[in-house]
Amino acid sequence: LGAMQSAVRFQVEYWNGEGREGIKEGDVFVSNHPQLAGGSHLPDITVITPIFHEGKIIFFVASRGHHSDIGGVSPGSMPPHSVNLKDEGARIVAFKLVKDGKFQEDGITEILVNQGDVPGTRNLKDNIS
C-alpha cells in the first residue's frame with residue numbers, strides 16, 4: 001500500500017498529459033503496473049476515483065485489491081520461472097474503467113483476456129467483480 005500515492009499521482013499526470021483527454025466527472029481509473037504506474041505487483045489492481053465538488057477535483061479515493069490470477073505463463077501470481085514482467089499477467093498502465101459514468105466492461109475484458117503471447121486471465125468473472 002505504500003505505493004498508493006505514486007499510483008494516484010501517476011494517473012493524474014498521465015490523464016492530464018498533452019494529447020490526453022484529462023480527468024472528468026464520471027471517470028474511474030485502473031492500473032497495476034509496478035514499473036510505470038505505482039503498482040506493487042501485477043495481481044494488485046488499483047482503482048482510483050476522482051471526487052468532484054462544484055466541478056473541481058477535491059480528492060481521490062483509491063483502493064487496491066489482490067487478484068489470485070490475472071493471466072500469465074502459469075496460474076496464480078508471480079510464477080517463479082518468469083523471465084520478464086509480461087510472463088506474470090495483465091499489465092495495466094492506465095485505463096478508464098469508468099468513462100462518463102459508464103463501466104467499460106469490453107475494454108477491461110480485452111486487457112485481461114488478450115495479453116498477446118501469454119495466456120489471459122483464467123477467471124475473468126472474479127477479476128471483474
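The values are calculated or read from the model by the stated rules, or taken from the named source; none is laboratory data. Everything quoted here is computed from the prediction, not taken from an experiment. FYI the Cβ positions are ideal-geometry reconstructions off the backbone, even for glycines, and counts take in every protein chain you see. Just so you know, the surface numbers come from the protein's heavy atoms only, side chains and all, with ligands and any DNA or RNA stripped out. Shrake-Rupley method; radii C 1.70, N 1.55, O 1.52, S 1.80 Å.
Only four residue types carry charge here, +1 at the Cβ of Lys and Arg and -1 at the Cβ of Asp and Glu. Report the dipole size of the chain about the Cα centre in Debye, rounded to the nearest 20.
Numbers: 12 positive and 16 negative charges, 34 e Å.
That gives a dipole near 160 debye.
Within the accessible area of the chain, what % is carbon and sulfur when the probe is 1.4 Å and the other protein chains stay in place? All intermediate terms of the calculation are to be shown ahead of the outcome.
Numbers: 3640 of 7130 Å².
Roughly 51 percent of what the probe reaches on the chain is carbon or sulfur.
Mind counting lysine pairs for me in the chain? Cα separation below 23 Å, and the two need to be 8 or more apart along the chain or on different chains.
12
So who's got an amide H within less than 5 Å of the one on Q115, skipping anything under 5 residues away but keeping other chains? H placed 1.01 Å off N, in plane.
Sorted by chain and number, the residues that satisfy this are G120.
When the helices in the chain are scored as -39500 (n - 2.57) per DSSP H run of 4 or longer and the sum is shared across all residues, what 222 nm value do you end up with, to the nearest 500 deg cm²/dmol?
Values: 3 runs with 26 residues, N = 129.
Estimated from H runs of four or more residues: -5500 deg cm²/dmol.
How large is ³J(HN,Hα) for each residue in region 74-79, as worked out from phi by the Karplus curve 6.51 cos²θ - 1.76 cosθ + 1.60 (θ = phi - 60°), to whole Hz, x for Gly and Pro?
8, x, x, 10, 6, x
Rounded to the nearest whole Å², what accessible area per residue is found for region 54-129 with the 1.4 Å probe?
Values: 4560 Å² over 76 residues.
Computed with neighbouring chains in place, this is 60 Å² per residue.
Specify which labelled value, from [x] 15.1, 45; [y] 24.0, 75; [z] 14.7, 51, agrees with Rg and Dmax of the Cα atoms in Å derived from the coordinates of the model shown.
Read-out taken from this structure: [z].
Once the other residues with Cβ under 15 Å from the Cβ of N127 are scored (Lys, Arg +1; Asp, Glu -1), what is the net sum? Write out the running numbers ahead of the final one.
Working: positive: R64, R91, R122, K125; negative: D44, D69, E88, E105, D106, E110, D126.
Net charge around N127: -3.
Can you list the residues, at least 5 places off or on another chain, whose amide H is less than 5 Å from the amide H of F95, using H built in the peptide plane?
Under 5 Å from the amide H of F95 lie the amide H atoms of V30, each far enough along the sequence or on another chain.
If we count every other residue with Cβ under 14 angstrom of Q11's Cβ, Lys/Arg +1 and Asp/Glu -1, where does the sum land? Mind dumping the intermediate values first?
Values: positive: R9, R20, K24, R64, K96, K99; negative: E13, E21, D27.
Surrounding charge for Q11 is +3.
Where the Cα atoms of region 62-108 are projected onto their three principal axes, how long is each span, largest first, in whole Å?
The Cα atoms of region 62-108 stretch 41, 17, 16 Å along their principal axes.
Restricting to Cα pairs below 8 Å that are 6+ residues apart, what does the relative contact order work out to for region 25-94? Please round to a whole percent.
Values: 135 pairs, mean separation 21.7, N = 70.
Once divided by the residue count of region 25-94, the mean separation gives 31 percent.
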